[in-house]
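This report refers to the structure that appears directly beneath it.
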Amino acid sequence: MSDTPPDHLAVNPRSPFHDAAALERGVGVRFNGIERDDVEEYSVSEGWIRVQAGKARDRRGNPMTLKIKGAVEPYFLELKNA
C-alpha cells in the first residue's frame, strides 16, 4: 500500500468509496488546519467532508450527515510499536 491515503474515502461499508485496508491502517483528517476525528467521508479533489449531524437518523436508520466544504488533508496514522 502506498504512503498516500485515498482521494475519496468513506467509513460506511456499503459505499463504493469504502476501503477496509486503508481504514484498518488508520486515516486521520485535517480539515481547514484542524484535526477532525468525526469524519464519515471525505473527498480531497472536491474539497469536502461529511460529518454526523448530532444523533439524528434517517428513515433507514443511517446517521444524518452534513457536507462541509474546505481544505481537506488526509494522512495515515503512525502505528506505535509497543
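Residue by residue, here is whether (1) touching a Ser or Thr at 6+ places or on another chain (Cβ under 9 Å); (2) at negative phi holds:
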site: Arg36; (1), (2): no, yes
site: Trp48; (1), (2): no, yes
site: Gly54; (1), (2): no, no
site: Arg60; (1), (2): no, yes
site: Val72; (1), (2): yes, yes
site: Phe76; (1), (2): yes, yes
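No other residue among Val11, Val44 is open to solvent by less than 60 Å² (accessible area, probe 1.4 Å), among the β-branched types (Val, Ile, Thr) and free of Cβ contacts under 8 Å to residues at least 60 places away in the same chain apart from Val44. Only one entry of Phe17, Phe31 meets the criterion of being among the aromatic types (Phe, Trp, Tyr) and surrounded by 16 or more Cβ atoms within 10 Å (Cβ to Cβ), and that entry is Phe31.
The values are calculated or read from the model by the stated rules, or taken from the named source; none is laboratory data. What you see is a predicted model, and the numbers here were worked out from it, not measured in a lab. Methodologically, a virtual Cβ is constructed for each residue, glycine included, from the backbone with ideal geometry; neighbour enumeration extends over all protein chains shown. Calculation scope for accessible area: heavy atoms of the full protein, side chains included, ligands and nucleic acids excluded. Shrake-Rupley method; radii C 1.70, N 1.55, O 1.52, S 1.80 Å.
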